[in-house]
Structures are given as structure tokens and as C-alpha cells.
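Report on the structure given below.
Read-outs throughout are calculated quantities, based only on the coordinates presented, and are distinct from any laboratory measurement. This one's a predicted model, so the numbers in the text were calculated from it and none came from an experiment. We place every Cβ from the backbone using ideal geometry, glycine too, and count neighbours over all the protein chains shown.
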Amino acid sequence: MVKVLVVDDSALVRRVLTEELARDPEIQVVGSAPDPYVARDKILQLKPDVLTLDIEMPRMDGLSFLRKLMKHHPLPVIVVSSLTPKGSEMAMDALSLGAVDVLCKPGEAYSIGELSRELTARVKTAARVRLAARTTAAPTKPMEALKETTLKIIAIGASTGGTEALREVLQRFPVNAPPTVVVQHMPEQFTKAFADRLNGICAIEVREAKDGDTLRPGLALIAPGNKHMLLQRSGAVYSVAVKDGPRVHHQRPAVDVLFKSVARFAGKNAVGAILTGMGADGADGMLEMKQAGANTIAQDEKSCVVFGMPKEAIARGGVDSILPLDQITHGIIAKL
């Protein structure tokens with residue numbers, strides 16, 4: 001049984017989250033709190049396994065509370081934020097402070113049925129998170145520029161814990177790294193804030209993908225939330241397609257959709273990496289990449305926040321190398 005404490009200043013949001021979580025027999029909502037001060041007392045009293053946390057609250061904002069919580073009483077935290085630019089930016093701050101996942105406010109991106117499914121799945125995943133595995137590395141310098149460019153493509157997939165893992169990997173990329181395509185499980189709107197955040201700290205350009213974007217050295221494209229991203233090729237020119245479609249492994253964007261397109265259009269000219277995350281998304285696609293001649297890498301268990309997606313990819317035989325997070329960029333570049 002996963003015990004959850006819901007923290008939000010809106011009585012309506014507290015009620016909706018509580019009702020939807022209560023539908024799952026493996027989850028128990030042990031209480032709710034309208035602000036961080038009440039939440040602090042209830043954490044000590046009720047000992048929840050997971051917190052859902054609003055970040056725009058009176059008396060003390062969620063970011064200040066999260067900073068104190070991670071220092072004195074670390075718990076897996078799912079941020080429940082609005083789709084506004086401010087809300088998306090604050091959600092990125094929360095992830096960098098140690099929150100394990102982010103979800104949109106009820107009614108902003110999901111139907112009630114979708115909200116229930118997303119919320120319960122993320123709470124169960126958060127309960128399995130190993131907080132000690134989160135990277136706290138200082139910003140790192142990028143590797144030296146590559147001596148020559150190639151037609152290589154880098155494809156990366158990640159989920160829970162992936163925002164910080166991707167930061168560490170992409171910050172090390174040289175300025176002329178091969179074109180890179182990334183799927184990080186994240187709601188729409190938040191992916192743009194995430195890409196903008198990475199663009200400000202990386203040597204390469206990072207931005208949210210748009211349909212038809214052409215790939216070039218020194219550019220990484222992040223799949224937009226609620227859209228699948230696929231690699232395309234016309235002659236020597238790579239581009240991406242961004243489109244709707246059914247969820248794969250309950251995800252949109254899905255890593256498998258990207259990886260399978262990379263296997264088809266890049267083949268042996270690709271390097272793939274699968275990072276921390278719950279579930280099996282990307283495992284089948286990584287196997288297809290390997291079978292098409294690509295080099296493939298999985299993050300090791302010790303450095304993963306959740307060793308789900310890499311574990312499944314390894315089990316299915318799609319992985320050439322298993323590396324700790326701080327060695328993945330070097331491993332990718334070495335295979336180009």
C-alpha cells in the first residue's frame with residue numbers, strides 16, 4: 001500500500017486528486033494539506049510514502065518547501081502544476097530541486113479518466129524511486145569539439161528521473177555533436193520549458209521539436225509533450241515528424257516510436273541511449289536499433305533513479321554497453 005499526502009491550496013484540487021487516487025486499491029490517501037506548514041506537521045504524523053505538491057501556494061511557496069523537505073526529510077514528490085509559462089518554469093525548478101515527476105493540474109491537460117490513470121501510475125512509480133541516486137553534480141564543461149562531422153544520429157529516451165540525467169548527459173556534449181533526438185516522458189507545455197532550460201546551460205542548441213524540423217550538428221530536439229516524434233530522412237538530410245497517434249506503453253511521446261524510426265532511417269549510423277525510467281518503453285525500439293546496426297547504451301542500475309526502462313532493454317538483448325550516468329556522454333561520443 002502506497003501512502004500519499006496531497007498538498008494544494010485549492011480545496012477542489014485536493015478533493016479531485018484524493019478521489020482519483022482512492023480508486024486504486026494499492027494507494028491510500030492518508031491526508032491532505034492546504035499549505036506547507038500544515039503539510040510539515042502531517043508528514044511527521046502520517047509518514048506518507050509520496051507527496052503530491054502544488055508549487056504556487058500562500059504563506060510558503062512549493063519551491064521553498066521542497067528545498068527544505070529534501071534537506072531535512074526527503075520524500076518522493078510529484079509536482080502538480082498549472083500549464084502557464086510560470087507554472088512550467090517553476091516545475092522545472094522543482095525537478096532540479098529533487099522532485100521526481102510533474103503532472104498538470106486537473107482539467108488542464110487530461111480528462112478525469114486520463115488523470116486517474118496518469119496520477120496512479122506516477123504515484124506508484126514515485127514510491128519506488130531511490131532518492132539517493134539523484135545526481136547532484138555541478139555543471140560540467142562540454143567535451144572538446146569533434147574533429148569531423150558525420151551523418152550519425154544520437155537518440156535518447158528517458159522517463160522518471162530523466163530530466164536531471166539528460167541535463168548531465170547533454171551538458172557534456174561538444175558544440176558540434178551529431179544531431180540528437182530526445183524523448184522525455186513529460187506533459188505538453190512542460191517540454192518547452194525543459195528544452196529552454198537545457199538550451200541555456202548546454203554548449204549545443206536544445207529546443208522543443210516542431211513538425212518538419214531539419215536536424216544538423218550541434219542541435220538536440222526534445223519531443224513535445226502529448227506528441228510522438230519520429231526520425232525521417234530524405235537523401236542525406238534528416239528531419240523529424242511530430243504527430244498524434246495512440247499512446248505506446250501508455251506514453252505519448254513514446255521512446256519506442258522514436259527508436260523504431262531511428263532504426264529504420266539511420267540504422268548503423270545511429271547511437272542510442274536509454275536512461276532512467278519506469279516501465280518498458282524503448283526496450284523494443286532499442287532492440288530494433290541494435291539489429292539495424294546501431295550502437296546502444298543503457299544507464300546502469302546504481303545511477304538510475306528508477307531502473308525500469310534500462311533493465312527491460314538489457315533483458316531483451318538490445319544493449320551493447322551498460323554505463324553509469326557520468327560516463328554515458330563519453331560512451332556515446334566514443335561510438336561515433
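For q values of 0.10 Å⁻¹, compute log₁₀ I(q)/I(0) with the Debye formula on a Cα-only model of the chain, without solvent.
For the requested q values the scattering log ratios are -0.55.
What is the gain in length, in nm to one decimal, between Ala241 and Arg316 on full extension, counting 0.36 nm per residue of separation less the C-alpha to C-alpha distance?
Numbers: separation 75, 0.36 × 75 = 27.00 nm, distance 2.73 nm.
Length difference between fully extended and current span is 24.3 nm.
Determine one quarter of the surface area of the Cα convex hull of the stretch 148-237, which equals its mean projected area, and express it in nm² to one decimal.
Seen from a random direction, the Cα hull of the stretch 148-237 projects 5.4 nm² on average.
From the phi of every residue in the stretch 250-266, what ³J(HN,Hα) in whole Hz does the Karplus formula 6.51 cos²θ - 1.76 cosθ + 1.60 yield, where θ is phi - 60° and glycine or proline is x?
Values, residue by residue: 6, 10, 8, x, 10, 5, 4, 4, 5, 4, 5, 5, 5, 4, 6, 9, 10 Hz.
Considering amide H positions built from the backbone, and no H for Pro or chain starts, which residues 5 or more places from Ile153, or on another chain, come under 5 Å of its amide H?
Residues meeting the amide H criterion: Ala270, Val271.
Between Glu205 and Gln291, what is 0.36 nm times their sequence separation minus the Cα-Cα distance? Round to one decimal in nm.
27.9 nm
Measuring from label point to label point, each 7 Å out along Cα→Cβ, what is the Gln327 to Lys47 span in nm?
Going by the 7 Å Cα→Cβ label model, 3.9 nm.
Once you list every other residue whose beta carbon is under 15 Å from the beta carbon of Arg23, what net charge do they have if Lys and Arg are +1 and Asp and Glu are -1?
Spelling it out: positives minus negatives among the neighbours equals -2.
How far is helix 62-72 tilted, in degrees, relative to the longest principal axis of the Cα atoms in the chain, given as a value from 0 to 90 rounded to the nearest 10?
In the chain, helix 62-72 runs at an angle near 90 degrees to the longest axis.
Which order do the peptides 315-323, 300-308, 266-274, 328-336 come out in when sorted by mean C-beta neighbours inside 10 angstrom, highest first?
On the way: 315-323: 16.8, 300-308: 21.1, 266-274: 24.3, 328-336: 18.7.
Per-residue Cβ counts within 10 Å, averaged per peptide and sorted highest first, yield 266-274, 300-308, 328-336, 315-323.
Please compute the Kirkwood hydrodynamic radius of the stretch 48-122 from all pairs of different C-alpha atoms, in Å with one decimal.
Mean inverse Cα-Cα distance, inverted, gives 12.6 Å.
I'd like the orientation of helix 85-97 relative to the chain: the angle between its Cα long axis and the longest Cα principal axis, in ° from 0 to 90, rounded to 10.
Taking Cα atoms only, the helix is inclined about 90 degrees.
Angle check, please: helix 112-127 long axis (alpha carbons) against the longest principal axis of the chain (alpha carbons), in degrees 0 to 90, nearest 10.
Orientation of helix 112-127: about 80 degrees from the principal axis.
If you average the C-alpha positions of the stretch 63-101 and of the stretch 162-187 separately, how far apart do those two centres end up, in angstrom?
Spelled out, the Cα-based centre of one part sits 21 Å from the other.
Under 37 °C and 0.692 mPa s, how fast does the stretch 2-129 diffuse according to Stokes-Einstein, given a Kirkwood radius computed over C-alpha pairs? Answer in µm²/s, whole number.
The calculation lands on 232 µm²/s.
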